[in-house]
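Some notes on the structure that comes next.
Values in this text are rule-based calculations from the coordinates and carry no lab data. Being a predicted model, the structure only gives us computed values, none of them experimental. Using ideal geometry, Cβ is built from the backbone for each residue, glycine included, and neighbour counts are taken over all protein chains shown.
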Amino acid sequence: MAVTIIKERWTSKVAEEAFGLAGIKAGGESTLPFLQFEGEVPNRAVTALEVFDMEPEDYPAMLKEAFAGVMNDPVAWAKKAVEYGADMVALRLMSAHPDWKGASADEVAATAKAVADAISVPLIVIGTGIEEKDGEILPVVAEKLEGKKALIGCVTANNYKSITAAANGYGHNLIASSPLDINLCKQLNILINEMGLPLDRIAFDPLVGALGYGIEYAYSIMERARIGALTGDKTLATPIVCFVGQEAWKAKEAKDPDVAEWGPQGDRAILWETTTATTFAIAGGNIFIMRHPESVKRFNAFIAEAMKSNAY
Amino acid sequence: MFEIIGERINGMFLDIREAITNKDPKPVHAWAVKQAEAGAYWLDINTGPVASKEEQVEIMAWLVKTAQEAVDRPCAIDTTNWAAMEAGLQAHKGKALINSATAEQAKMDVLFPMAAKYGASIVALAMNEKGVPKSAEDRCALAMELLVNADMNGISPEDLYIDPLVLPVNVAQEHGPESLEALRQIKMLSNPAPKTTIGLSNISQKAPNRPLINRTYLAMAMVNGLDSAIMDADDDDLVETAATASIILNQSIYCDSYVKVFRQR
C-alpha cells in the first residue's frame, strides 16, 4: 500500500505586495518558508542595501571601505548599492535627526526625490527613528515621492496617522513597527488599515535582534505571525521587514576588528549579518535591509538554493 | 478559526417564508448581509417546512443564489430532501457545506458521495436509526462510523463537521456533559482531526433567558473542541463570547480590536 504523506493544509496566504515601477514583489506565500511541497512560495526574499543621507560618523571601517568615495553623496551611494545587486535601496534620513544635522522636511524630501529619480529599483525611505520627527518629515517625503510607490517607515502607534494619510494619498506602502510584541503589531496593522490603507500596502517590522542578541524572540514572533496569516488572520498577513544590517553591525562580534580568538573580522562580520538574515528568512521574513554587499551576495546564494522547489 | 453558521435564512421564520412565497429577494439579501457582517462564515439555508417536496428543490436553488448575490459567503445547504440538496449544491458558488448526514448507512451512502462529487464539506450527526445516544462513548462510536465512511469516499476529516448533538437542558439535562465530552473525544479520533459543530440553540429550547444558556454552553463547548456552531449570528453577546473564547483558547492572536477582527473575516 502506498504511503500517504501528511501535508499541512493552510487556508490562507501572506499578502503579496508590489513596490516601485519595476514591480518588485514580496510575500504571497501560502505555506511556511520554503516548504514548497505544502504550498506556493511565489516570490523570493527581497534585499535592500542601506544608504544614509549624510555620512555616518561611527560607521564600521569595513562598511566604509565597501562604499568608499560615495558616502557623502546619497545619490552616488544609492547607485553603488544598485550596482552591488540590491533589489531595493533603503534611504535613511538621518540628517533630519536633531543630534545629526536637524535638516528640514523639505531638505530630506529633496534628497529622497533625487535618489528615487537616480535609481531604477524601488526605494525604501526610513526616518530618523524619533517618532515625532518622523511624523513631520515622512508626510512631506511621501508627497515629494508621489508616483514612486515607495516603502516608507517606520510608523508606530504614536505617529501613524499623518504618515498613513500621506502614504495613502500619494500611493506608497508603509512599514509598521512594533517593539517585539505581536499583539501591538496586529493592532497597529488594524489601526492603519482602518484609515483606509489596504493591508497589502503594509509591511511590518517586528524590531528584530541580531544573532546572539535576542534573535530567538523575533524568530518566534515571525513564526507565530506566519502561522496566524496562513490560518486566516489577514491582519497579520502582511510581508515582514527585517532590519538585519543595523542590528548585525551593532554586535561587537561584527564590528570589533581586533579579537584574535574570533578570527578575522572580514569573515565573521559578513557571517554575522548573513546568518542573521538567513535565520529570519527561515522564520518568515520577506524584505531584508542590509548593510554589506558581500552579505547580500551570500544571503542571495542561500535564497537561490532554498527557492529550489521541494514539491513532490 | 471558529466558524459561525448563521441560522437565520430559514423558511421557519415568517419573513423568510414570505420572501419565498412572494419570490422577494430583499429579506434574504438583508439577512445574508446582516449575518455576514456580524461574523457568520457560513449562511445556513433552509427552505422550511411549508413547501411541498417538489417545490423545495427550486426554492433551495433560489435561496442559495439569492443569498450569494448579496455576500461572498459559502452556504450550508440544510435539508433532508436530497433533490433539494443537490439543487442547492448546483446553485452554489465556492465550497458548500451539506447539512446534514447521520450515521445511518442509507444516508451516508447518498450524502458522502454527493459531498465528494461537489467538493463540499459535510455536517454529520452522531445519531442513527436508534436515535441520539446518551453517553459520550456511544456518540463517539457513531462519530467513528462517520469518519470511516467519509474517508471511504475520499472526504478529508477537515471537511467533515461532526455534530455530537445537543439536547434541551430543561428536559435532557444529563446529555449536556456527554455532548461536551464527546466533542473532546471526537477531536482525538484522527489526525488531522475532524471538525466539530453543534446546533447551539437547541440547548435552550423553551427555557427562559435563552441567550444566557446559549452563550454559556458555547464557551464550554469551545473549550472542549467545538470548531463551529449553527447559531444566532444576530445575538451580539453570543458572537462576542465566541470571539473572546477563541482569544482565551489562543486560537487567534490577541489584539485590542479582537472582537471587531473576529467579525470581519
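Under the condition of being part of a helix (DSSP H, G or I) and farther than 17 Å from A:THR231 by Cα, which residue from the range B:233-244 is farthest from the other protein chains (Cβ to nearest Cβ)?
Only one residue fits best here, namely B:ASP237.
Return the residues of the range B:71-89 that are surrounded by 14 or more Cβ atoms within 10 Å (Cβ to Cβ) and under 22 Å from B:TYR41 (Cβ atoms); say none if nothing qualifies.
Selection gives B:VAL71, B:ARG73, B:PRO74, B:CYS75, B:ALA76, B:ILE77, B:ASP78, B:THR79, B:MET85, B:GLY88, B:LEU89.
Filter the range A:234-251 down to the residues that are within 14 Å of another protein chain (Cβ to nearest Cβ) and not hydroxyl-bearing (Ser, Thr, Tyr), then identify the one that is surrounded by the most Cβ atoms within 10 Å (Cβ to Cβ).
Residues of the range A:234-251 within 14 Å of another protein chain (Cβ to nearest Cβ): A:234-238.
Restricting the remaining residues to those that are not hydroxyl-bearing (Ser, Thr, Tyr) gives A:234, A:236-237.
On the way: A:LYS234: 20, A:LEU236: 28, A:ALA237: 24.
Here the answer is A:LEU236.
So in the range B:251-265, with the set limited to residues that are within 10 Å of chain A (Cβ to nearest Cβ) and surrounded by fewer than 19 Cβ atoms within 10 Å (Cβ to Cβ), which one is farthest from the chain's Cα centre (by Cα)?
So, considering only residues that are within 10 Å of chain A (Cβ to nearest Cβ) and surrounded by fewer than 19 Cβ atoms within 10 Å (Cβ to Cβ), the one farthest from the chain's Cα centre (by Cα) is B:ASP256.
Among the residues of the range A:185-233, what is the count of those that are outside any strand (DSSP E or B), of a type in the set (Asp, Glu) and more than 10 Å from every other protein chain (Cβ to nearest Cβ)?
Count: 3.
Residue check, B:GLN35 against (1) within 26 Å of B:GLN264 (Cα to Cα); (2) without any contact (Cβ under 8 Å) to a residue 40 or more places away in the chain; (3) of a type in the set (S, T, N, Q), all met but one. Which one?
(2) is the only condition that B:GLN35 fails.
Given the condition over 24 Å from B:THR79 (Cβ atoms), without any contact (Cβ under 8 Å) to a residue 60 or more places away in the chain and among the hydroxyl-bearing types (Ser, Thr, Tyr), answer yes or no: does some residue in the range B:164-185 qualify?
The answer is no, given that none of the residues of the range B:164-185 is over 24 Å from B:THR79 (Cβ atoms), without any contact (Cβ under 8 Å) to a residue 60 or more places away in the chain and among the hydroxyl-bearing types (Ser, Thr, Tyr).
Looking only at the range A:247-262, how many residues end up being part of a loop (DSSP other than H, G, I, E, B) and touching a helix residue (DSSP H, G or I) at 6+ places or on another chain (Cβ under 9 Å)?
Of all residues in the range A:247-262, those part of a loop (DSSP other than H, G, I, E, B) come to A:249-251, A:256-259.
Filter once more, keeping what is touching a helix residue (DSSP H, G or I) at 6+ places or on another chain (Cβ under 9 Å): A:249, A:251, A:256-259.
Going through the range A:247-262 one residue at a time, the tally reaches 6.
For B:LEU165, are the conditions met, namely being buried (at least 20 other Cβ atoms within 10 Å of the Cβ), away from every other protein chain (no Cβ under 14 Å) and either assigned to a loop (DSSP other than H, G, I, E, B) or of a type in the set (Lys, Arg) (or both)?
The answer is yes for B:LEU165.
Could we say that B:ILE230 is of a type outside the set (Lys, Arg), under 23 Å from B:CYS75 (Cβ atoms), surrounded by 22 or more Cβ atoms within 10 Å (Cβ to Cβ) and away from chain A (no Cβ under 14 Å) here?
In short, yes.
Just a yes or no: is a residue in the range B:192-199 touching a helix residue (DSSP H, G or I) at 6+ places or on another chain (Cβ under 8 Å), surrounded by fewer than 17 Cβ atoms within 10 Å (Cβ to Cβ) and within 14 Å of chain A (Cβ to nearest Cβ)?
Within the range B:192-199, one or more residues are touching a helix residue (DSSP H, G or I) at 6+ places or on another chain (Cβ under 8 Å), surrounded by fewer than 17 Cβ atoms within 10 Å (Cβ to Cβ) and within 14 Å of chain A (Cβ to nearest Cβ).
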